[in-house]
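These notes concern the structure reproduced below.
The values are calculated or read from the model by the stated rules, or taken from the named source; none is laboratory data. Bear in mind that the values here come from a model prediction, so they are computed numbers and not experimental data. Every residue, glycine among them, receives a Cβ derived from its backbone with ideal geometry; neighbour counts consider all protein chains shown. SASA here: full protein model, heavy atoms, side chains in, ligands and nucleic acids out. Shrake-Rupley method; radii C 1.70, N 1.55, O 1.52, S 1.80 Å.
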Amino acid sequence: MESELHSIGELARASGLGVGTLRYYDGAEVLTPAWVDPQTGYRWYRPGQLADARLLARLRRVGLPLAGIRAVLGAAPGSGEAARVLDAHLRRLEDGLADARRELSLIRVMIDQREQPMSTTPAEVRFTVPAEELAAALDAVRFAVGGDPGTPALAGVLFEPDGPVLRLVATDRYRMALAEVPATTAPARPDGGTIVPTALVDALRALLGAGAGAAEVTVTLGGGLVRAETGGHRIEGAALDFDYPDHRVLTRLEPEHRIDLSAAELRGAVETGATRTLPSGPNGADCVVTVLTLTADGRLAVAGAEPGPESASGDLRVAVNRDFLLDALRVGRPEQLVLELGGPIAPLAIRTPGREGTFSLLMPVRVPDLG
């Protein structure tokens with residue numbers, strides 16, 4: 001048999017992968033040897049596996065994650081799955097490059113300020129956005145604002161100008177909400193964003209809800225202040241002087257399943273469905289958990305209160321805080337939703353079709369019998 005096979009050393013030399021790397025991918029069940037000598041444990045590979053090894057080496061060079069490599073090598077010929085995985089990875093790389101460019105621009109601004117100590121007050125950043133869309137964006141993120149005194153940086157909404165849009169971000173570490181508003185006038189220079197405190201956020205929303213009469217709002221950030229002007233009315237207050245967490249780390253998602261469903265049906269299922277109570281909620285309080293699972297035909301369902309048989313879709317179950325889930329489902333009262341699930345330890349993303357930049361993330365809750 002050995003004369004018909006490649007030894008692990010031969011495969012390593014021919015593919016450019018190290019012997020240790022090949023052992024790793026064997027353990028990860030990505031590239032499994034055709035035969036392992038029961039006496040020595042030495043691995044042997046079929047001649048046809050050389051092409052897989054060379055492809056694997058190239059996938060590693062472009063930084064494709066393990067799950068993606070497994071999907072490409074295991075894709076059925078003609079299914080298009082390998083191309084979809086590569087396209088998704090390319091989009092992540094392009095997004096990462098855009099993030100890096102934005103961060104480097106901000107770093108240059110910080111270096112310039114450092115090298116010119118006489119100009120210690122940051123310049124103002126001013127932009128104009130539609131009043132109605134800003135109100136909707138505030139509604140979309142307000143529920144996720146943090147209230148823990150131990151994390152004061154989260155006690156507000158991040159206003160982050162990003163080219164032609166104003167991005168709003170809120171998180172309390174257990175959930176995150178993002179919304180984007182198109183800016184009719186945008187800042188000429190990059191800006192890392194300003195944390196607008198909760199009280200000022202609520203005052204701004206009240207101003208917009210009072211029907212100020214103007215179609216647009218002008219927001220000015222800088223010098224530690226936040227100012228909003230619309231319809232002859234103006235509010236102003238101090239910004240929070242903290243560094244906001246990098247939301248991009250969590251929003252680079254790799255969902256395994258995307259499910260389109262009725263928002264009303266899901267709300268009804270969560271409101272009436274089974275729950276579990278765990279002593280692991282925010283600030284040490286009990287947490288009422290809803291467990292979502294996939295049925296045999298790929299529909300989303302609420303799992304029972306007690307551990308049951310494995311679901312037909314690979315035992316995919318995601319446990320989330322029930323109240324947080326209902327909060328996210330109430331935002332905007334959409335008719336349809338798209339839920340993205342990446343596994344039991346990945347964030348659950350809740351999106352509204354047609355609003356690409358506005359969505360919510362819920363951190364999963366660890367339930368002992370879910371693994």
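Assorted remarks:
- Residue under evaluation Leu50, criteria (1) over 28 Å from Arg252 (Cβ atoms); (2) of a type in the set (A, V, I, L, M); (3) in a loop (DSSP other than H, G, I, E, B), criterion not met: (3)
- All positions within the stretch 203-252 that are over 30 Å from Leu341 (Cα atoms), touching a helix residue (DSSP H, G or I) at 6+ places or on another chain (Cβ under 8 Å) and of a type in the set (D, E, K, R): Arg205, Glu216
- Residues considered: Leu73, Leu31. Of these, the only one that is in a loop (DSSP other than H, G, I, E, B) and touching a residue at least 40 places away in the same chain (Cβ under 8 Å) is Leu31.
- Entry remark, the stretch 228-250: residues being open to solvent by less than 30 Å² (accessible area, probe 1.4 Å), of a type outside the set (Gly, Ala, Ser) and outside any helix (DSSP H, G or I) number 2 in total.
- For Leu266, the conditions (1) modelled with pLDDT of 90 or more; (2) surrounded by 12 or more Cβ atoms within 10 Å (Cβ to Cβ); (3) within 23 Å of Gly150 (Cα to Cα) all hold with the exception of (3).
- For Arg43, the conditions (1) free of Cβ contacts under 8 Å to residues at least 40 places away in the same chain; (2) touching an Asp or Glu at 6+ places or on another chain (Cβ under 8 Å); (3) closer than 20 Å to Gly74 by Cα; (4) not aliphatic (A, V, I, L, M) all hold with the exception of (3).
- If you filter the stretch 179-205 down to residues that are assigned to a strand (DSSP E or B) and more than 24 Å from Ala328 (Cβ to Cβ), you find that the one that is modelled with the lowest pLDDT is Thr185.
- Selection within the stretch 353-362 - surrounded by fewer than 19 Cβ atoms within 10 Å (Cβ to Cβ) and not charged (D, E, K, R): Pro353, Gly354, Gly357
- Residue within the stretch 2-22 that is within 31 Å of the chain's Cα centre (by Cα) and closer than 24 Å to Glu256 by Cα present: no
- Positions within the stretch 114-150 being of a type in the set (S, T, N, Q) and either modelled with pLDDT of 90 or more or surrounded by 15 or more Cβ atoms within 10 Å (Cβ to Cβ) (or both), in sequence order: Thr128
- The stretch 160-177 - residue that is part of a loop (DSSP other than H, G, I, E, B) and within 15 Å of the chain's Cα centre (by Cα) and, of those, surrounded by the fewest Cβ atoms within 10 Å (Cβ to Cβ): Arg173
- Hits in the stretch 284-299 (condition: outside any strand (DSSP E or B) and open to solvent by less than 70 Å² (accessible area, probe 1.4 Å)): Gly284, Ala285, Thr295, Gly298
- For the residues Ala51, Ala71, Ala12, the requirement of being open to solvent by 60 Å² or more (accessible area, probe 1.4 Å) and among the small types (Gly, Ala, Ser) singles out Ala51.
- Conditions (1) exposed (fewer than 13 other Cβ atoms within 10 Å of the Cβ); (2) touching a Phe, Trp or Tyr at 6+ places or on another chain (Cβ under 7 Å); (3) of a type outside the set (D, E, K, R); number of the one not met by Gln39: (2)
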